[in-house]
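Comments concern the structure below.
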Amino acid sequence: MAAEPNTATDNGEATVDPDFIRRAVELADLNAVRVALYQHTGDPELAALPKALELDDAQRALLIDKAVAWLEQHAGPGAPEEPPEDELRVLMNMATQETMGDLEFTARRELPAFKPFPLMTSWTDGTPELPEGFRVVIVGSGFSGLATAVQMEQLGIPYVLLERRPEPGGTWTINRYPDIRVDTISITYEFAFEKDYRWSEYFGKGPEVRAYLDMISKKYGVYENTRFERNVVKATFDEARDVWVLEAETPDGIETIEGNAIVNAVGTFTNPRLPYFEGEETFEGQFIHPSRWPEDIDLTGKRVAVVGNGSTGVQLLAPVAADAEQVFVFQRTPQWISPRDKYGQPVEPEVRWLLDNFPGYWNWWRYMAIAALFGTHGFVVPDDEWVAQGGKWNPMDDQLRSDLTAYIHAQTGGDQDLIDRLVPEYAPFSRRPVVDNGWYKALTRDNVDLITDPIARITPKGIETDDGSVYDVDVIITATGFEVVQYLFPAEYTGVGGRNIHDYWSKDGPRAYLSMMVPHFPNMFMLYGPNSQPLSGGTGLPVWYVIWAAYAAQLIVRMIEEGKSRVEVKESAYLRYNEALDDEASKLLLLNEEGAPDKNYYVNEFGRLQMNAPWYGPEFHRMCTEVDWDDLELA
Ligand code: NAP
């Protein structure tokens, strides 16, 4: 337990116990401490220090002593102003100990989040008079719908948000299985405009993320503009009026809602994938897809099958195994599963105090946590020379493969039978990285068995595999994922000339311009749309939700400012963009043999990269923030 930070002095003022401050600094991200302190002091000795990982004992002690001394004098609430551009650049370069190019600086300059609403768009010259009755319809109140709504609030553009569930939060309200939590650290999985959310754990649990999104919805005025229990089933563009006409199922029947623009923020992990297993209708026990986790289920003493080892199956195994009598884990393809520092750990009171009392620490901690993703592009780009010398993909990826293989050995206690079945043959970073929640360790429990023979059929009592073995179970948890390629499905979207969006995409799956726009579907945007999820040089998804919301807002702003009623991407631009995208994707790990594209939900049934933007992150940022008006038509 932490000591009380405050102690009373003779004159009755409260001071903070220096030992408490020291512990706070020792627990903190020392890179962030150094930059925040330098921002306050300009102390050249701080500038001369290396990265936290490279500090020797004396340098570490120097940094900690300086921080403690400063905090003893100056600790208190507050938020620093954004420094001028040249100073900001110095601080950012100091944080990562590299000299950024202009492309990178432009993409990253708002990540420390000094501005109240980083990355959001504003009017060119004050709020103009809006056309009578102008309104944007946002569909979905998960992270991206809320980002769009807050952007509209900032601009003062009227909007209505339609949400099919009775509460805000999207996928986080649906997925309530045991131990669900974020698997990227919460300081990066939050909005930069909300600077004081008090996460109780470093990786927020599902209920806390739900509470966070509920708070965002209420605090920023979105809740009162949300119509809950509205499931959009149809959206039609009325060409005569340049208006979208939506039909939504409600508990009282169909409601029709109109808007001048529509932002689809409906998520990707929306429709559960429920593969058919021969004989499943004969099963006498219970099937559970994790996205439909029954509130009242008690697995104590039950025999359970867990099918799937993606992020969901891996996250829920340990708590399920702790309750159940016996668990059979059905693995079709091994995954690369990695540990995360501070995963499952509470935010210590000392660190909480630091966040509250060291102005700038939140900003630079956030920046450093995001900066940890800057290099991820390196995993997916080829290195032919390395392969010619006998390497598998490239030095960085091969190193990760060897580190994660060592991790499997350590976690399984060297159990060779398990290791042989657990180490994947494809390269790490081919598929969505999976974070370990004690999955490997759970496999070593007496009541857990890893089954790698393919499932042949379901019997009334359980599961039979191809080798004829039969596993009797009471419950089958199908952690089999989501129909991620069904964008906007099953709703019917009709654009100009009666075009149906699913027909438009029928050749080789959903596509979009910049992941957001489709020709012949004017005034329509998708957030987290086809080829949206950045693969490389990442900055965390909530940053991207805001970037995409701001892109849509830029176009809506221009439309209003120029007195136009339609904005659309030209088909030629859409085709050119997608040709370049396919070409870029073809070079990357995911579409190469070493990346096992046939085993990857990032790749669709036509062999196209479907989920991800293949671009270098800062380049994709540039494309999504500097609008190329020549690619668009305003009418
Ligand atoms: P997933 O990654 O698609 O994994 C599905 C699993 O089910 C795979 O192991 C797959 O095997 C297996 N499977 C599917 N059909 C099967 C069949 N017919 N027979 C046997 N096995 C079958 O789905 P997910 O685990 O739900 O994760 C989806 C995404 O949601 C994640 O990638 C992540 O983006 C997100 N997510 C995030 C969090 C978080 O942040 N905390 C938690 C959960 C999910 P194969 O590998 O052979 O296809």
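Coordinate-derived values only; no laboratory data. As the structure is a prediction and not an experimental result, all values here were calculated from the model. Here Cβ is always computed from backbone atoms with ideal geometry, including for glycine, and neighbour counts include all displayed protein chains.
For Glu571 and Ile419 in the same chain, what is the full-extension length gain: residue separation times 0.36 nm, less their Cα-Cα distance, in nm?
49.7 nm
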Alpha carbon convex hull of the chain, projected area averaged over orientations, nm²: 32.6 nm²
FRET efficiency for Tyr504 and Asp56, using Cβ-Cβ distance with R0 set to 56 Å, rounded to 0.05: 0.40
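Which entries of Lys115/Lys218; Lys342/Lys441; Lys66/Lys342; Lys302/Lys461; Lys51/Lys115; Lys115/Lys195 have Cα-Cα distances beyond 19 Å here?
Over 19 Å Cα-Cα: Lys115/Lys218; Lys66/Lys342; Lys51/Lys115.
Quick check on packing: order 31-41, 613-623, 127-137 by the mean number of other C-beta atoms within 10 Å, highest mean leading.
In decreasing order of mean packing, 31-41, 613-623, 127-137 become 31-41, 613-623, 127-137.
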Phi to ³J(HN,Hα) by Karplus 6.51 cos²θ - 1.76 cosθ + 1.60 over the stretch 207-220, Hz, x for Gly, Pro: x, 6, 5, 4, 5, 4, 5, 5, 4, 4, 4, 7, 5, 9
Label-to-label distance, nm, for residues given as Arg340 and Asp179 (7 Å Cα→Cβ offset): 1.4 nm
Computed label-point distance, nm, for sites Trp123 and Glu633 using a 7 Å Cα→Cβ extension: 2.9 nm
Packing-based order for 568-577, 309-318, using average beta carbon neighbours within 10 Å, highest first: 309-318, 568-577
Peptides ranked, highest mean first, by Cβ atoms within 10 Å: ranges 55-67, 76-88: 55-67, 76-88
Partner lysines for Lys392 [C-alpha distance under 26 Å; skip if fewer than 8 residues away on the same chain]: Lys587, Lys599
Interchain or long-range residues, amide H under 5 Å from Ile138's placed H: Val160, Leu161, Leu162, Val263
Residue-by-residue Karplus 3J(HN,Hα) for the stretch 248-255, coefficients 6.51, -1.76, 1.60, Hz, glycine and proline x: 10, 6, 10, x, 9, x, 7, 10
Cα pair distances of the stretch 111-241 binned at 5 Å [whole percent]: 2, 10, 18, 20, 18, 15, 9, 5, 3, 1, 0
Hypothetical label at Leu27: residues of the stretch 326-355 whose amide nitrogen lies under 18 Å (7 Å Cα-Cβ projection): 341-355
Lys599/Asp323 FRET efficiency (R0 25 Å; Cβ-Cβ; nearest 0.05): 0.25
Rounded, prolate or oblate (a/c below 1.5 giving rounded, otherwise prolate when a/b exceeds b/c) for the stretch 180-283 by Cα gyration tensor: oblate
√(5λ) per eigenvalue of the Cα gyration tensor, the stretch 180-221, largest first, Å: 17, 12, 8
Under 5 Å, built H, 5+ apart or other chain: amide partners of Ser186: Phe203, Gly204
Inter-label distance for Lys115 and Glu281, nm, one decimal - labels placed 7 Å from Cα along Cα-to-Cβ: 5.8 nm
Full-extension gain in nm, Thr106 to Val496, via 0.36 nm per residue minus C-alpha separation: 136.8 nm
Note, ³J(HN,Hα) from phi for the stretch 229-238, Karplus 6.51, -1.76, 1.60, rounded to Hz, x at Gly and Pro: 6, 10, 9, 5, 10, 8, 9, 10, 7, 8
Whether the stretch 488-568 is rounded, prolate or oblate, judged on the alpha carbon gyration tensor where a/c under 1.5 counts as rounded: oblate
Shape of the stretch 51-109, Cα gyration tensor, a/c cut at 1.5: oblate
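For the chain, what does the helix formula give at 222 nm: sum of -39500 (n - 2.57) over DSSP H segments with n ≥ 4, over the residue count, nearest 500 deg cm²/dmol?
-10000 deg cm²/dmol
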Principal axis box of the stretch 524-631, alpha-carbon based, largest edge first, Å: 51, 29, 20
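Which FRET efficiency value, to the nearest 0.05, do you get for Lys234 and Ser586 by plugging their Cβ-Cβ distance into 1/(1 + (r/R0)^6) with R0 = 35 Å?
Calculated transfer efficiency: 0.45.
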Potential lengthening between Thr333 and Gln73 on full extension [0.36 nm per residue; Cα-Cα distance subtracted]: 88.0 nm
